[in-house]
Amino acid sequence: MKKNFYEITYIINPVLDDEQYKEVVDQVSKLIESKDGELVEVDEWGLKRFAYEIAGKSNGYYVNAYFNAPSEAVEPVERQLRINDNILRYLTLKYDSKMLAYYDKRKKGELPTIFEETEEEE
Amino acid sequence: MIKNPSHPKKGHLKTKDCRFTKAGFDYIDYKDVDTLQRFLNDQGKILPRRVTGTSAKFQRQFSRAVRRARFLALIPYVAENVR
C-alpha cells in the first residue's frame with residue numbers, strides 16, 4: 001500500500017499531569033500504529049503559552065509527531081482526536097516533495113535563515 | 001522598473017529582493033515562529049508584498065504558514081496592543 005508522510009501537531013489540555021500527558025501521547029501513537037502507520041519522530045514541545053485563549057485555557061501541552069501512513073489512516077485518527085476531550089486542537093499536514101526536502105534539511109541542521117540579511121537592511 | 005534614464009526617481013528606488021528566495025527556502029514552516037514574526041506588524045497582521053518585497057509564490061506560502069500558526073495559537077489572530 002502506498003504510504004504518505006504526515007506531520008501532526010496536537011494540543012493536550014493543560015489541566016492533566018505529566019503522567020496523563022504521557023498516556024495521551026501513547027494513546028495517539030498506538031492509534032496511528034494500529035492504522036498501519038509507522039511513527040518516525042515524536043517531539044513533545046511541552047507546555048506553551050497560547051497567543052490567545054482556547055477553551056478558556058491560556059496554555060497547552062504541544063506534541064508534534066511525524067509518521068508514514070496510508071491515506072486511509074488519517075481520517076480515523078483525526079476522528080479519534082476530535083472525540084478525545086483531552087485534545088484541544090490538532091493539525092495534520094501531508095508532506096509533498098518540497099516539504100520533505102525541508103524536513104531532511106531540518107534533520108541535518110542545514111536550514112536557511114533570513115536573520116543576518118534582515119539586520120543589515122535595517 | 002523605470003526605463004527612462006532621466007526619470008527623477010531613477011537611482012533612488014531600491015529593487016527589493018524576496019528574502020525567502022535569496023535564503024533558498026523550500027517551504028515555510030508554521031512552527032518557525034521567529035521567521036514568521038519578521039513579516040508581521042506589531043498587531044500581528046501580515047505585511048504586504050510592497051513592503052517586504054516577498055515574491056508572490058512565497059507570499060502565498062507565507063500567509064498559509066501564518067494561518068496554520070494562528071490556528072495552533074502560536075501567533076495571535078489579533079494582538080492587543082498596550083499603548
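Among the residues of B:69-79, the average count of other protein chain beta-carbon atoms within 10 Å of the residue beta-carbon is 5. Counting only other chain Cβ atoms within 10 Å of each residue's Cβ, the peptide A:45-52 averages 4. Ordering B:Ser6, A:Ser34, A:Ser97 from the fewest to the most neighbouring beta carbons within 10 Å gives B:Ser6, A:Ser97, A:Ser34. Less than 5 angstrom separates the built amide H of A:Phe50 from those of A:Asn59, A:Gly60, all sequence-distant by 5 or more or on a different chain. Per-residue mean of foreign Cβ neighbours for B:20-28 is 5 (Cβ atoms of other chains, 10 Å radius).
Computed from backbone phi with θ = phi - 60° and the Karplus coefficients 6.51, -1.76 and 1.60, the 3J(HN,Hα) list for region A:49-66 is 6, 7, 6, 8, 6, 10, 6, x, 9, 9, 8, x, 9, 8, 10, 10, 9, 10 Hz; x is used for glycine and proline. Dividing the Cα radius of gyration of the protein assembly as shown by 2.2 N^0.38 Å, with N the residue count, gives 1.23.
Based on DSSP H segments of at least four residues, each scored -39500 (n - 2.57), chain A has a per-residue ellipticity at 222 nm of -11500 deg cm²/dmol.
Couplings 3J(HN,Hα) for region A:94-108, derived from phi with the Karplus relation 6.51 cos²θ - 1.76 cosθ + 1.60 (θ = phi - 60°), are 8, 8, 9, 4, 5, 5, 5, 4, 4, 4, 4, 5, 5, 4, 7 Hz, where x marks Gly and Pro.
Read-outs throughout are calculated quantities, based only on the coordinates presented, and are distinct from any laboratory measurement. Note that this is a predicted model, so its numbers are computed, not measured. Note: ideal-geometry Cβ built from the backbone for every residue, glycine included; neighbour counts use all protein chains shown.
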